[in-house]
Amino acid sequence: MVHRLARARKAPRDLVLRARMVELSWAGQRVPAIADELRCNPKTVRRWLHRFDRFGLDGLEDLGGQGRKRRITETERSRIIGLVKQPPPGRLTVQADGELAAADESGPPEWTLDALAAEAGRMGIEVGRSQVRRILLAEGVRWRRTRSWTRSRDVDFEGKGHGSSSSTPARPKVRRSSAPTSSDR
């Protein structure tokens, strides 16, 4: 079975390589020679030979479940994403009597990564700022309003004026060739 696996064309490449290590070992080659021929580290060859000796053909398979386990569950991830959809506790809203008030004046007026991480901590989810950022980026979620200073519902609000003064001339747009030539000099 090992000889057949070492010659297989449709088996996973790693499995074929490991079977080839065993085959070369059976042929009497030493570990450094096997590593040179297969272009891998001698430690790698030793590890797979030992695993084959211990577990047989099953030892050449990858072990499942390797790597670090997630610290937070999918439910907790969803709760963090759901926070962004809710208004922040410190955001001012117009009340029925026309006054501005916030649900929690000590809370953040806008969602930031720090504010989201702190709110998740209050909900019992241990998560850092950078992990909140990775979660939101993976979901394609925006966690803040951008350029809130450019819009206002205030009738007395005046937007920014025109651009630069006309006394500063605009830089002329010149098309450049892709390669310098002697006529450019």
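For the stretch 93-122, the set of residues classified as touching a Leu at 6+ places or on another chain (Cβ under 8 Å) and either polar (S, T, N, Q) or exposed (fewer than 13 other Cβ atoms within 10 Å of the Cβ) (or both) consists of T93, V94, L100, A101, listed by residue number.
The residue of the stretch 124-146 that is farthest from T73 (Cα to Cα), among those that are of a type in the set (A, V, I, L, M) and surrounded by fewer than 12 Cβ atoms within 10 Å (Cβ to Cβ), is L137. When restricted to residues that are without any contact (Cβ under 8 Å) to a residue 24 or more places away in the chain and either more than 29 Å from D154 (Cα to Cα) or in contact with a Cys (Cβ under 9 Å, 6 or more places away or on another chain) (or both), the stretch 98-130 contains 9.
None of the figures in this text is laboratory data; all of them are computed from the coordinates on show. Everything numeric in this text was worked out from a predicted model, so none of it was measured. Counting neighbours? That spans all protein chains shown, and the Cβs are built from the backbone with ideal geometry, glycine included.
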